[in-house]
Structure formats: C-alpha cells, structure tokens
Amino acid sequence: MSRHLEVHDVHRTFRSGAGEVHALQGVSLSAQPGELLAVRGRSGSGKTTLLNVIGGLDRPDSGRVVLDDEDVTAMDDAGLLALRRGHVSYVFQSFGLVPILTARENVGVPLRLVSLEAGEREARVAEALEHVGLSAHVNQRPGELSGGQQQRVALARALASRPTLLLADEPTGQLDSETGRDIMMLIARLAKEESMTTIVSTHDPALLSIADRVVELADGRLVTPTPTH
C-alpha cells in the first residue's frame with residue numbers, strides 16, 4: 001500500500017556545550033505516492049535531520065509526521081522498528097555496502113531481518129537488481145564495481161523490501177555529474193513504477209529538474225512554498 005506523507009510544524013533542536021542548533025524550525029510539507037520530492041539546501045540547512053525525523057530515526061521536539069493515518073511521532077520504539085523494516089527504506093551518500101559481500105548478498109541483508117523464506121528472498125533480490133540494471137553483476141563485490149554501480153546496489157537493497165516510503169540523503173554526492181543524473185533519473189522512474197512516496201535531499205541544481213517538486217531549507221526553515229495537491 002502506498003503512503004501519503006504529511007509533516008506538520010516539526011521542530012528539532014540539538015543541544016551541546018557550544019549551545020543550541022535549531023536544525024528544524026516549524027517545517028511543514030506533504031508528499032504523494034509516486035511523487036519525487038527534492039529537498040534542497042546547503043550543508044547544515046536541516047535536510048538530513050528532516051529525513052531522519054520523517055523515517056523515524058530521530059524524534060522531533062514538537063510537531064507530527066503522519067504516514068496515511070499513522071502518527072510516526074507517536075510510535076514507540078517497537079512501532080518505529082516495524083515501520084522501518086516494513087515500509088521505509090533509505091539510500092545514503094556513502095552507499096553503506098558490506099565490502100566482503102557480493103551485490104546479491106548486500107541486497108539480501110535487510111530481507112534476512114524480516115524472516116522471509118529463502119526462495120522469496122532470492123526472488124526479491126533478483127527483481128531489485130534487475131530494476132536497477134545490475135542483473136549481470138550480481139556476483140561482484142563492491143570493490144569490483146564503479147561508484148555508480150555501487151549506488152545502484154544500494155538502491156536495489158532499499159527496493160528489495162518493497163517500501164512505500166523511500167528516503168535518499170544526498171544519493172549522488174559521491175558520483176560524477178553524469179552518473180549522478182543517471183541515478184536521480186532511475187530513482188524518479190522507480191518512484192513512479194512502484195508508486196513510492198520518495199524524498200531526496202540534494203544541493204546539486206542540475207538534479208533538481210528531475211524531481212516532480214522542489215522545496216528548499218535554509219537554517220532549518222522551509223523557504224519555498226509547498227504547493228498543495
């Protein structure tokens with residue numbers, strides 16, 4: 001089931017010996033199933049914090065995150081764990097692949113956490129790698145793949161659990177411009193095909209035209225209007 005996302009007046013402040021950092025200040029936005037929403041902003045603008053709050057990796061100080069009728073911010077730890085395992089997947093800038101595992105094995109790692117039977121697990125892995133165009137590279141390890149291919153493996157790993165919400169934090173940050181654009185276009189296509197609510201953070205202007213919609217964060221505040229659907 002696809003998920004409609006609503007973020008309502010979210011605040012998040014981090015405190016340290018150096019003082020307070022207001023990472024998010026009253027952020028509200030929405031995203032629809034099948035939509036690719038890009039969040040732009042400079043380093044330190046609050047993009048990563050926003051994705052972490054939306055996906056339940058961090059809790060806001062105030063405000064709400066709602067996926068359909070489920071209030072993510074009200075979930076206990078067990079509820080958040082079930083949400084991340086069953087509905088939310090992440091793609092990170094650093095790829096996060098296990099060097100000693102093949103592409104097939106890397107993609108299958110999260111599926112081992114949800115007790116799928118071996119046959120179903122292998123079918124999902126093969127399907128995910130085919131989606132990202134890596135069927136011919138299933139037995140290669142990360143060190144034998146290009147940066148773009150490694151990010152495709154990371155994307156396949158995120159897709160294998162069939163998420164309804166995909167969060168990608170600077171997924172092209174370590175790639176050259178052409179490869180980065182290819183990855184962004186792939187994410188956009190898969191968002192439509194799989195009807196995933198998809199949010200990508202980026203500061204690369206060349207990639208923003210691929211998104212269905214763009215919002216901008218600056219100093220933890222949304223500085224561009226969010227159109228309503």
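The values are calculated or read from the model by the stated rules, or taken from the named source; none is laboratory data. In this text, all values refer to a predicted model and were calculated from it rather than measured experimentally. Cβ sites come from the backbone with ideal geometry, for glycine too, and all protein chains shown count toward neighbours.
Selection of segment 153-180 for residues being touching an Asp or Glu at 6+ places or on another chain (Cβ under 9 Å) and of a type in the set (Lys, Arg) yields only 162. All of (1) farther than 26 Å from residue 189 by Cβ; (2) in contact with a helix residue (DSSP H, G or I) (Cβ under 9 Å, 6 or more places away or on another chain) hold for residue 11 with one exception: (2).
Go through segment 177-200 residue by residue and tally those that are under 15 Å from residue 155 (Cα atoms) and among the hydroxyl-bearing types (Ser, Thr, Tyr). Total satisfying the criteria: 3.
Scanning segment 60-111 for residues that are surrounded by fewer than 16 Cβ atoms within 10 Å (Cβ to Cβ) and either part of a strand (DSSP E or B) or basic (Lys, Arg) (or both), we see that the one that is nearest to the chain's Cα centre (by Cα) is 85.
Taken as a whole, the condition of being in contact with a strand residue (DSSP E or B) (Cβ under 6 Å, 6 or more places away or on another chain) and of a type in the set (Val, Ile, Thr) does not apply to residue 114. The set of residues from segment 37-59 being crowded, with 16+ Cβ neighbours inside 10 Å and among the polar types (S, T, N, Q) comprises 45, 48, 49, 52. Taking first residues from segment 117-131 that are in contact (Cβ under 8 Å) with a residue 40 or more places away in the chain and partners that are surrounded by 15 or more Cβ atoms within 10 Å (Cβ to Cβ) and aliphatic (A, V, I, L, M), the Cβ contacts under 7 Å between residues at least 6 apart in sequence or on separate chains come to 131/156; 131/159; 131/190.
Here's the yes/no breakdown for (1) under 19 Å from residue 191 (Cβ atoms); (2) at pLDDT 95 or above; (3) not aliphatic (A, V, I, L, M):
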site	(1), (2), (3)
64	no, yes, yes
71	no, no, yes
116	no, no, no
121	no, no, yes
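When residue 77 is tested against (1) free of Cβ contacts under 8 Å to residues at least 40 places away in the same chain; (2) not assigned by TED's automatic domain parsing to the domain that holds residue 193, exactly one condition is not met: (2).
Is at least one residue of segment 8-25 β-branched (Val, Ile, Thr), at pLDDT 95 or above, assigned to a strand (DSSP E or B) and surrounded by fewer than 16 Cβ atoms within 10 Å (Cβ to Cβ)? Yes.
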